[in-house]
Amino acid sequence: MTAPDYESREAVDQYLLFHYGSDEANLPWSFGPSGALRYPVRVVEALLDSSILPSGGKALDIGCAVGASSFALAHRGLEVTGFDLSAALIKAANQITQGEIRDISIPRSGTLEETVSLIPPEKPVSGKVAFLVGDAMNPPTPAEPGNDVVLLANLIDRVPDPWKCLQEAIKRLRPGGQLLLASPYTWLESCAPPEKWLVRDKEPPLEVLQRTIGKELKLAFRTDIPFLIREHERKFQWSVAEGTRWIKSG
Ligand SMILES: C[S@@+](CC[C@H](N)C(=O)[O-])C[C@H]1O[C@@H](n2cnc3c(N)ncnc32)[C@H](O)[C@@H]1O
């Protein structure tokens, strides 16, 4: 399988739909898996422990795509930096932030498309959001433990070195801060060689995570989070991410 292309117009529209499309546009079937809709917001609701957030805290959303999880974090009063390797996705995230919401084309069948409107996120009351182009392997934000929350949603199976990606994320988390991880663990050789995947023949990903990042962080919570990505009107990817919250020691 080839590595996903996150720069094309189709990819941008697919992520705009996934993050800001209506339920009906994402899933035009009343008997479909509606519990898998609105993932970018649900992943934050499921994993963030708001009871331990300091007021005016900071957050990073690494691999933020078009930014709906960043807005969800900002709605909890956090000052959020979202960054992503794809300049096209970050351009769309910045347009959303500035209220420039365009209609998108979504596939129905073959070349048949449908135009749909997006639902823009509400402006956070106290939190803030900024979006940057940047690489999770060498993040554009200082390598200092300045963040209360670091979110990696559906990222670790898309980077060339998942362990390095996690180390860079952990460096940027303050002691007592929350690392929120969600992944369906769809490892692809086109993204990373198998020896870099966080899974072994006899060791599921969560056990690998416990053995590696578990030295520096304590697993506080684990759950399963379904999500749905529309391919076309009659074909969907239904996946289940494993969601975990880790608290940095110190
Ligand atoms: C499967 S998408 C998940 C996006 C978003 N977090 C979500 O849950 O909808 C993976 C994202 O990671 C980004 N990405 C891939 N490699 C990256 C890297 N090395 N650094 C930063 N972002 C990366 C892609 O551009 C894409 O937006």
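Could you please let me know if A25 is farther than 23 Å from M137 by Cβ and either more than 13 Å from the chain's Cα centre (by Cα) or assigned to a strand (DSSP E or B) (or both)? When the stated conditions are applied, A25 passes them. Going residue by residue through the range 68-77, is there one that turns out to be modelled with pLDDT of 95 or more, away from the ligand (no atom under 16 Å from the Cβ), of a type outside the set (S, T, Y) and part of a helix (DSSP H, G or I)? No - not one qualifying residue is present in the range 68-77. Cβ separations smaller than 6 Å between residues 6+ apart or across chains give the following pairs from the range 108-134 residues that are within 16 Å of A68 (Cα to Cα) to residues that are assigned to a strand (DSSP E or B) and at pLDDT 95 or above: K128/E79; V129/V80; A130/T81; F131/G82; L132/F83. The single residue among D148, D157 that is acidic (D, E), surrounded by 16 or more Cβ atoms within 10 Å (Cβ to Cβ) and part of a loop (DSSP other than H, G, I, E, B) turns out to be D157. Listed conditions (1) in contact with a helix residue (DSSP H, G or I) (Cβ under 6 Å, 6 or more places away or on another chain); (2) within 22 Å of S239 (Cα to Cα) are all met by G32, apart from (1). So is A65 in a loop (DSSP other than H, G, I, E, B), within 16 Å of the ligand (Cβ to nearest atom) and either buried (at least 24 other Cβ atoms within 10 Å of the Cβ) or at pLDDT 95 or above (or both) or not? Spelling it out, A65 is indeed in a loop (DSSP other than H, G, I, E, B), within 16 Å of the ligand (Cβ to nearest atom) and either buried (at least 24 other Cβ atoms within 10 Å of the Cβ) or at pLDDT 95 or above (or both).
Considering every residue within the range 51-60, establish whether at least one is in a helix (DSSP H, G or I) and either touching a residue at least 40 places away in the same chain (Cβ under 8 Å) or within 14 Å of the ligand (Cβ to nearest atom) (or both). Working first, answer last.
Kept after step one, since they are in a helix (DSSP H, G or I), are these residues of the range 51-60: 51-52.
Filter once more, keeping what is either touching a residue at least 40 places away in the same chain (Cβ under 8 Å) or within 14 Å of the ligand (Cβ to nearest atom) (or both): 52.
Yes, there is a match, as at least one residue in the range 51-60 is in a helix (DSSP H, G or I) and either touching a residue at least 40 places away in the same chain (Cβ under 8 Å) or within 14 Å of the ligand (Cβ to nearest atom) (or both).
Residue by residue through the range 129-153, note down the ones that are over 15 Å from the mean Cα position of the chain (by Cα) and within 11 Å of the ligand (Cβ to nearest atom). Hits for the range 129-153 are M137, N138, P139, P140.
Yes or no, residue by residue, for (1) over 18 Å from A220 (Cα atoms); (2) of a type in the set (F, W, Y):
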position	(1), (2)
G134	yes, no
L155	yes, no
G177	no, no
W187	yes, yes
S190	yes, no
K196	yes, no
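Can you say whether P120 is more than 16 Å from the ligand (Cβ to nearest atom), crowded, with 16+ Cβ neighbours inside 10 Å and farther than 22 Å from G243 by Cβ, as far as the supplied structure shows? It is false that P120 is more than 16 Å from the ligand (Cβ to nearest atom), crowded, with 16+ Cβ neighbours inside 10 Å and farther than 22 Å from G243 by Cβ. Considering S183, S190, the condition of being of a type in the set (S, T, N, Q), closer than 30 Å to P28 by Cα and either in contact with a Pro (Cβ under 8 Å, 6 or more places away or on another chain) or at pLDDT 95 or above (or both) is satisfied by S183 alone. For the criterion of being surrounded by 15 or more Cβ atoms within 10 Å (Cβ to Cβ), touching a residue at least 12 places away in the same chain (Cβ under 8 Å), away from the ligand (no atom under 13 Å from the Cβ) and not in a loop (DSSP other than H, G, I, E, B), I213 passes. Taken over the range 36-60, residues that are touching a Leu at 6+ places or on another chain (Cβ under 9 Å) and exposed (fewer than 13 other Cβ atoms within 10 Å of the Cβ) amount to 1. Taking the criterion of being part of a strand (DSSP E or B), crowded, with 20+ Cβ neighbours inside 10 Å and within 12 Å of the ligand (Cβ to nearest atom), would at least one residue in the range 216-223 satisfy it? Taking every residue of the range 216-223 in turn, none turns out to be part of a strand (DSSP E or B), crowded, with 20+ Cβ neighbours inside 10 Å and within 12 Å of the ligand (Cβ to nearest atom). Within 20 Å of A11 (Cβ to Cβ), modelled with pLDDT of 95 or more, within 12 Å of the ligand (Cβ to nearest atom) and not in a loop (DSSP other than H, G, I, E, B), is that true of A93? Judged against the criteria, A93 is a match.
The values are calculated or read from the model by the stated rules, or taken from the named source; none is laboratory data. What you see is a predicted model; the values in this text were computed from it and never measured. Cβ coordinates were reconstructed from backbone atoms using ideal geometry, including for glycine residues, and neighbour counts include every protein chain displayed.
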